[in-house]
Amino acid sequence: AQSVSQHNHHVILSEAASLELGCNYSYGGTVNLFWYVQYPGQHLQLLLKYFSGDPLVKGIKGFEAEFIKSKFSFNLRKPSVQWSDTAEYFCAVPDTGRRALTFGSGTRLQVQP
Amino acid sequence: AAGVIQSPRHLIKEKRETATLKCYPIPRHDTVYWYQQGPGQDPQFLISFYEKMQSDKGSIPDRFSAQQFSDYHSELNMSSLELGDSALYFCASSGQANTEAFFGQGTRLTVV
């Protein structure tokens, strides 16, 4: 089964600081990759996705992520965070051999004004 | 655009009671997923359906069952509820395997 690791569990930043959240996955074959965001008390929303092509993908709200196949990584970045980015961020990949998404443990981002 | 609809949004049940959660996927999506998210936890996959047939099972207790109906809506049935079943239950749908899943608002189940 696929596994996803998010090493940053809780990140606290000041507004305008740059953000990078790590995500590593285990499967070495063709893989689709996703970042979801969950604002407090809300459902999961797709931030961005990678299927193929340019390894640098841009999502909503100024977020981007880079797929590095050799490192099995798909890190999420934003040059300048805002207070409204305070949320939990989940990296996800489709499971191997079954219809399911496997989520990382999530990173709680707290942006201080 | 239509999204995934879940009902009810909130549900309070007593221990040993039963609960039924409903999910209406995005039209023309062929796959429905159910996830359970405990407080401060990541979503845990419970079960999925493809074209109204059960596709895969995750960490779904035997006390839970689910089905997808001819109109593609799905229901998660939970019996003999326990305090530990208190969680957010999300339904999601996708148009093709391994593509992005769109999540509903979730049902917050509280077992007292």
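The values are calculated or read from the model by the stated rules, or taken from the named source; none is laboratory data. Not measured: the values here are computed from a predicted model. Cβ atoms come from the backbone with ideal geometry, glycine included; neighbour counts cover every protein chain shown.
Numbers at a glance
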{"quantity": "Strands (runs of 3 or more DSSP E) wholly inside the stretch B:10-112 that include at least 3 residues being away from chain A (no Cβ under 12 Å)", "calculated": "B:10-13, B:19-24, B:64-68, B:74-78, B:107-111"}
{"quantity": "Any pair with Cβ under 7 angstrom, 6 or more apart, that starts in the stretch B:13-42 at a residue that is free of Cβ contacts under 8 Å to residues at least 24 places away in the same chain and ends at one that is outside any loop (DSSP other than H, G, I, E, B)", "calculated": "B:42/A:90; B:42/A:103"}
{"quantity": "Qualifying positions in the stretch A:15-56 - touching a Pro at 6+ places or on another chain (Cβ under 8 Å) and loosely packed, with under 13 Cβ neighbours inside 10 Å", "calculated": "A:18"}
{"quantity": "Residue within the stretch A:76-87 that is within 23 Å of residue B:92 (Cα to Cα) and within 14 Å of another protein chain (Cβ to nearest Cβ) present", "calculated": "yes"}
{"quantity": "Selection within the stretch B:60-83 - at pLDDT 95 or above and on the phi > 0 side of the Ramachandran plot", "calculated": "B:80"}
{"quantity": "Residues satisfying the stated conditions in the stretch A:1-14, i.e. of a type in the set (Val, Ile, Thr) and either within 12 Å of another protein chain (Cβ to nearest Cβ) or crowded, with 17+ Cβ neighbours inside 10 Å (or both)", "calculated": "A:4"}
{"quantity": "Of residues in the stretch A:9-39 being aliphatic (A, V, I, L, M) and not in a strand (DSSP E or B), the one farthest from residue A:91 (Cα to Cα)", "calculated": "A:16"}
{"quantity": "Any hit, the stretch A:99-113, residues being crowded, with 21+ Cβ neighbours inside 10 Å, closer than 30 Å to residue B:10 by Cβ, within 13 Å of another protein chain (Cβ to nearest Cβ) and among the β-branched types (Val, Ile, Thr)", "calculated": "yes"}
{"quantity": "Matching entry among B:15, B:57 (being at pLDDT 95 or above and on the phi < 0 side of the Ramachandran plot)", "calculated": "B:15"}
{"quantity": "Cross-chain or 6+ apart pairs with Cβ under 7 Å, the stretch B:57-75 first and under 20 Å from residue B:44 (Cβ atoms), then among the hydrophobic types (A, V, I, L, M, F, W, C) and assigned to a loop (DSSP other than H, G, I, E, B)", "calculated": "B:58/A:100"}
